[in-house]
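The values are calculated or read from the model by the stated rules, or taken from the named source; none is laboratory data. Just so you know, these numbers come straight off a predicted model, no measurement behind them. No Cβ is skipped: glycine too gets one built from the backbone with ideal geometry, and neighbour counts run over all protein chains shown.
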Amino acid sequence: MARGIAKIGIVLGCVGLAAPLGASVKPMTDSLAPPPAQVAGDMPVEVTAHPDPLALLRDDDPARAANKQLVFDMWRSIVNAGHVELADEMLQEGYIQHSPILPTGREAFKRIFSVVKRRDIPALVSPPAVAMLAEGDLVVMALREELPEPAGGGHYTTTHFNMFRIENGRLAEHWHSIQDEPGPGVLAPSEGGPQRVVGASGPAQLALLQAADAGLAANKRLVFDAWRQVMEAGRAELAESYFQAGYIEHDPNLRTGLAALKHHVAAKGAAPVGNFIRAPIVALLAQGDLVALVAGREHPYPGRAGETYTTTGFDLFRIENAKIAEHWDGESKPGTPAIDYGN
């Protein structure tokens, strides 16, 4: 369990000074995403933290603003600072956990985070925030994560994602981008273990493309079509219809730029274009210039023939001039050694 907790990034030290929950925020910039790091040829671009993370909490809709604040405050007070007594007011008793390595329920959540050394509540979350977006009762928070290079000698960056569903002012459900397989001590879903990730498949996915704002609906449709036509069907010749010429890639395993994207897609080989995304879609959120595609993944269960477990995949896109300009996901390099941050 200690390794799983470390991988979630909960014992990373304090950031900033103590601040009361519900800290004031500054106006947002035009983009919800941070300015990208310098592009070096076609190499993947380093993930950068947002220069004004408190501005990410500002929202014209009071309900969305409250939901973002709740996620932000829970993370910095409990995950970063070990104030587990706040869980009773921040989480529903029946809190649903979709992590492949963590048990479900509020009491289980409190037991897990009770190992975090109690400290003053920092002003900001750690790891540092990259972006936050909210739609309806869902909030996606993206964090900058540093991981050791598989061959040693330095670190590389990727993005750690968490999504929460809020119900009656409390966190009710959680998904994250950790892909670890469940260990031998992880309980089955029926026994209080991680709950399976489910989502919309086939025509049911079309309902997720809706948005009150026509521009946000168009952004969702752009990502939906680009994913199924270019990324899934390997139709490299269609990439220019969906991606900017200066496309920025933050996946540490991929190269940046439109030419590199087309090469990567073409290497898969062309396949028929499906009407829907193959994986079950858990959520498709759009706010500002960002779209988050959250989908379920199914894997063979180690040591249990015929059984499977599930994880959640996250892809975040920045839209510019009706095309995809930037992409983040939660992938790590193969062979990345496990991290133990300690207590």
So, in the range 34-58, of the ones that are hydrophobic (A, V, I, L, M, F, W, C) and surrounded by 15 or more Cβ atoms within 10 Å (Cβ to Cβ), which residue ends up farthest from Phe164 (Cα to Cα)?
Val39
Is there a residue being among the β-branched types (Val, Ile, Thr) and either surrounded by 20 or more Cβ atoms within 10 Å (Cβ to Cβ) or at pLDDT below 95 (or both) anywhere in the range 113-120?
no
Could you tell me which residue of the range 59-107 is modelled with the highest pLDDT, considering only residues that are part of a loop (DSSP other than H, G, I, E, B) and surrounded by fewer than 16 Cβ atoms within 10 Å (Cβ to Cβ)?
Asp61
Could you check Ala123 against (1) surrounded by 21 or more Cβ atoms within 10 Å (Cβ to Cβ); (2) farther than 29 Å from His299 by Cβ; (3) of a type in the set (Gly, Ala, Ser) and say which number it fails?
(1)
Quick one: Val230 ticks every box in (1) aliphatic (A, V, I, L, M); (2) surrounded by fewer than 18 Cβ atoms within 10 Å (Cβ to Cβ); (3) in a helix (DSSP H, G or I) bar one, so which box is it?
(2)
Among the numbered criteria (1) modelled with pLDDT of 95 or more; (2) assigned by TED's automatic domain parsing to the domain that holds Lys323, which one does Val197 miss?
(2)
Conditions (1) farther than 29 Å from Ser190 by Cα; (2) in contact (Cβ under 8 Å) with a residue 12 or more places away in the chain -> Leu102 fails only (1)
Does the range 202-218 contain at least one residue that is of a type outside the set (Ser, Thr, Tyr) and under 26 Å from Val39 (Cβ atoms)?
no
Within the range 110-126, is there a residue that is closer than 25 Å to Ser190 by Cβ, in contact with a helix residue (DSSP H, G or I) (Cβ under 9 Å, 6 or more places away or on another chain), charged (D, E, K, R) and not assigned by TED's automatic domain parsing to the domain that holds Asn253?
yes
Of (1) closer than 15 Å to Tyr309 by Cβ; (2) charged (D, E, K, R); (3) in the same structural domain as His299 (by TED's automatic domain parsing), Lys220 fails just (1)
For a quick check of your reading of the model, give me the residue pairs whose first member lies in the range 58-82 and is over 19 Å from Gly288 (Cα atoms) and without any contact (Cβ under 8 Å) to a residue 60 or more places away in the chain, whose second is β-branched (Val, Ile, Thr) and assigned to a helix (DSSP H, G or I), with beta-carbon atoms closer than 9 Å and at least 6 apart or on different chains.
Ile78/Val84
Subset of the range 181-198 [within 13 Å of Glu298 (Cβ to Cβ) and surrounded by fewer than 13 Cβ atoms within 10 Å (Cβ to Cβ)]:
Val198
